[in-house]
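The values are calculated or read from the model by the stated rules, or taken from the named source; none is laboratory data. Bear in mind the structure is a predicted one, so any value in this text is a computation, not a measurement. For neighbour counting, all protein chains shown are included, and Cβ atoms are generated from backbone atoms with ideal geometry for every residue, glycine included. These area figures cover heavy atoms from the full protein model, side chains too; ligands, DNA and RNA do not enter into them. Shrake-Rupley method; radii C 1.70, N 1.55, O 1.52, S 1.80 Å.
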Amino acid sequence: MKQNDVIVIGGGISGIFAAITAARRGKQVLLVTKGVGAIATAGGTIDMLGYTWDGFPVRSPWEAMGKMDTDHPFMLIGRDTVEQSVQAFLSLCLGEGYPYLGSLEKNQWIPTALGRLKPTCLVPRTMDATGFKAAEDVFVVGFEGLKDYSARLIAGGLAECPGYRKNYSILSVKPEIENGRDLTALDVARWLDSEKGHQSCIEQLIRFVRPNSFILLPPVLGTRPDYVLFDKFEQATQCRVIETVGLPPAVTGYRLRRMLVKCLAKWKIQVIEQTNVIRATLANGRCSEIVTGNLDRQRSYQADAFILASGGLFGGGLLAEPDQVIESIFNLPVIVPAKNSNWSQENLFFTQGQPFAKFGVKVDEKLRPLNETGQVLLENVFVAGKTVAGYDYCREKSGNGVALATAYRAGLEASEEEIA
């Protein structure tokens, strides 16, 4: 049986980044995944920390992290590790020709498809909103037939935001797409991938836009993880172009996943897709193998170290039953209130957050799973992403940030493991 150095379970941003982190340190890595994770449909931004637990906007994620609870994943692994993970991600993107912008020192506020502003930390160049607040003329562009995107709604919503009252003009582009249904952002992006498509769009825009203005577009500037189309649009219009944060599925997330998947091949990471990990073989505080099971038969895979990045309650990594929440692969404990009536608050937007949002596997500073008394359960298993307990990614706007930071730390720790 072929021996792996590291096996990663989960194909979202946390699993992929953990696999890449270990592979870049010379490890033979196997990535096992049931699906593609949320990255392919998400907005493509890296939210490190958008709001404090009290609901106040965060200006500097670095400073705000220093005031967090000690059991938050960022604090468990340390701010220095979080910073290293950010630099590793930025370096990776730059090396792949798809650089991201930003740092832990400062969040930026970017426009969304709902006509609001969202705090985030790291963005592709197409979503860089630097200078947008001071802009005088803004053209908000929609596409005929594009569902879930209203240029008028965006312009009206932004005009109500303090400091963003300005001259908003509404433009509509007619894409030459005939498919008998409402268009998605991916349909438009594929149209713009073609020479005919993006030339037609640019021609329609330059009839109306004024040079040195800002143009807000839905996230449709091509499907490839590069800035070729973005640069063409800015040069042709002589304007600053910004892609808004779109509703799922967003093309910006699709591009980011394409880049990361390309890195899997580059670093010779073996990937097994559409497979279920049904159990692990455990003995003496270590894991020796995982077992997958599909319709044909079961297969086992051995490794020195294992990274669990299978997601939380919404991703299927944790399963909720009437009186308990379980992690089914390693049978790791998930500490929850004894009464399931205390798992949630009746008001969905409860000011103190929903208790279930923090459910997960408790870990130590190396991301090894712990039991109820704080003892390490498995020495060579490391937990990353939404499977980790202690944070509310939705309330904090920290989802991809925790995913990256814990993935990076898990990849480092797994790279140090060897079979005893």
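Of everything in the range 276-294 that is open to solvent by 50 Å² or more (accessible area, probe 1.4 Å) and small (Gly, Ala, Ser), the residue that is nearest to the chain's Cα centre (by Cα) is SER288.
Working carefully through the options LEU90, LEU104, LEU49, find the one that is of a type outside the set (Asp, Glu) and not assigned by TED's automatic domain parsing to the domain that holds GLU289. Residue meeting the stated conditions: LEU104.
A search for C-beta distances below 7 Å between a residue of the range 111-125 that is more than 23 Å from LEU153 (Cα to Cα) and any residue that is of a type in the set (D, E, K, R) and surrounded by 20 or more Cβ atoms within 10 Å (Cβ to Cβ), counting only pairs 6+ apart in sequence or on different chains, returns CYS121/ASP47. Which residues, counting only those in the range 187-203, are polar (S, T, N, Q) and buried (at least 16 other Cβ atoms within 10 Å of the Cβ)? The answer is SER200, and nothing else.
Report yes if PHE132 is under 25 Å from the mean Cα position of the chain (by Cα) and either farther than 28 Å from PHE89 by Cβ or crowded, with 19+ Cβ neighbours inside 10 Å (or both), otherwise no. Spelling it out, PHE132 is indeed under 25 Å from the mean Cα position of the chain (by Cα) and either farther than 28 Å from PHE89 by Cβ or crowded, with 19+ Cβ neighbours inside 10 Å (or both).
Kindly indicate whether any position in the range 176-186 is of a type in the set (S, T, N, Q) and surrounded by 14 or more Cβ atoms within 10 Å (Cβ to Cβ). Yes, because at least one residue in the range 176-186 is of a type in the set (S, T, N, Q) and surrounded by 14 or more Cβ atoms within 10 Å (Cβ to Cβ). Only one of the listed residues (ASP148, ASP128) is out of contact with any Pro (no Cβ under 7 Å at 6 or more places or on another chain), acidic (Asp, Glu) and over 26 Å from TYR98 (Cα atoms). That residue is ASP148. Collect the residues in the range 269-292 that are polar (S, T, N, Q) and in contact with a strand residue (DSSP E or B) (Cβ under 7 Å, 6 or more places away or on another chain), keeping them in residue-number order. Within the range 269-292, GLN270, THR275, ASN276, THR281, SER288, THR292 qualify.
Do we find that THR81 is touching a residue at least 12 places away in the same chain (Cβ under 8 Å), assigned to a helix (DSSP H, G or I), open to solvent by less than 40 Å² (accessible area, probe 1.4 Å) and not assigned by TED's automatic domain parsing to the domain that holds ARG409 in this structure? The answer is no for THR81.
A quick yes/no check of all residues on (1) surrounded by 20 or more Cβ atoms within 10 Å (Cβ to Cβ); (2) within 21 Å of ALA410 (Cβ to Cβ); (3) out of contact with any Leu (no Cβ under 6 Å at 6 or more places or on another chain); (4) at pLDDT 95 or above:
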position: LYS266; (1), (2), (3), (4): no, yes, yes, yes
position: GLN274; (1), (2), (3), (4): no, no, yes, no
position: ASP296; (1), (2), (3), (4): no, no, yes, no
position: SER310; (1), (2), (3), (4): yes, yes, yes, no
position: LEU332; (1), (2), (3), (4): yes, yes, yes, no
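Please verify whether PHE132 is assigned to a loop (DSSP other than H, G, I, E, B) and more than 30 Å from ASN179 (Cβ to Cβ), treating the condition exactly as stated. In short, yes. The condition of being in a strand (DSSP E or B) and either charged (D, E, K, R) or more than 14 Å from ILE7 (Cα to Cα) (or both) holds for VAL241.
Identify all residues within the range 87-122 that are part of a strand (DSSP E or B) and either open to solvent by less than 10 Å² (accessible area, probe 1.4 Å) or closer than 21 Å to ILE16 by Cα (or both); write none if there are none. TYR100, LEU101, ILE110, PRO111, PRO119, THR120, LEU122, listed by residue number. Scan the range 10-53 for residues that are in a strand (DSSP E or B), in contact with a Gly (Cβ under 9 Å, 6 or more places away or on another chain) and open to solvent by 10 Å² or more (accessible area, probe 1.4 Å) and the total you get is 0. When PRO248, PRO322 are checked against the criterion of being modelled with pLDDT under 90, open to solvent by 60 Å² or more (accessible area, probe 1.4 Å) and under 30 Å from LEU229 (Cβ atoms), PRO248 stands alone in meeting it.
Please verify whether VAL383 is closer than 29 Å to ARG59 by Cβ, at pLDDT 95 or above and surrounded by 14 or more Cβ atoms within 10 Å (Cβ to Cβ), treating the condition exactly as stated. The answer is no for VAL383. Only residues that are touching a strand residue (DSSP E or B) at 6+ places or on another chain (Cβ under 7 Å) and in contact (Cβ under 8 Å) with a residue 40 or more places away in the chain were counted across the range 313-327, and they come to 3. Answer with yes or no whether SER150 is over 29 Å from ILE170 (Cα atoms) and either of a type in the set (Ser, Thr, Tyr) or in contact (Cβ under 8 Å) with a residue 24 or more places away in the chain (or both). Spelling it out, it is not the case that SER150 is over 29 Å from ILE170 (Cα atoms) and either of a type in the set (Ser, Thr, Tyr) or in contact (Cβ under 8 Å) with a residue 24 or more places away in the chain (or both).
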